[in-house]
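Reading through the structure tokens given below for one structure.
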Amino acid sequence: MASYDDKRNFYRMMLNTEVVVTIIDDEVNTQVTATCRDLSATGMALEMEHPLDIATCVRVKVDSASNQVQALDASGRVVRVEEESKDCYLIGITIEEID
């Protein structure tokens with residue numbers, strides 16, 4: 001039987017880079033840093049110190065390591081939250097829009 005990863009429609013790039021996450025809220029948009037573990041055309045996995053609620057809207061800015069490649073500025077929402085250890089949560093984001 002094929003594993004879940006084998007059924008993906010898009011290749012997942014392993015990044016392990018710091019990103020800025022803006023948590024979109026009706027009252028205030030809070031910015032936090034996180035580590036982007038991996039990225040695909042439709043989503044990303046972020047490592048954070050605090051969990052986010054499912055369906056929370058976020059904007060994620062991934063800076064480029066090269067001037068030849070444009071930084072990624074994507075909007076999406078939380079679709080998965082897993083506690084990996086104390087103060088370490090893996091947050092699954094589905095990308096809804098790329099600017």
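Just so you know, all these numbers are worked out from the coordinates, no wet-lab data involved. What you see is a predicted model, and the numbers here were worked out from it, not measured in a lab. Cβ sites come from the backbone with ideal geometry, for glycine too, and all protein chains shown count toward neighbours.
So here's what we get for this one:
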{"read-out": "Table column - 3J(HN,Hα) (Hz), segment 22-28, Karplus curve with 6.51, -1.76, 1.60, x for Gly and Pro", "value": "9, 8, 7, 9, 5, 8, 8"}
{"read-out": "Debye, to nearest 20: dipole size of segment 9-98, +1 on Lys, Arg Cβ, -1 on Asp, Glu Cβ", "value": "340"}
{"read-out": "Ranking of CYS36, CYS57 by count of other Cβ atoms within 10 Å, fewest first", "value": "CYS57, CYS36"}
{"read-out": "Extension gain from LYS86 to ASP63, taking 0.36 nm per residue of separation minus the Cα-Cα distance", "value": "5.5 nm"}
{"read-out": "Radius 9 Å from Cβ of VAL19, net charge of other residues (Lys, Arg +1; Asp, Glu -1)", "value": "-1"}
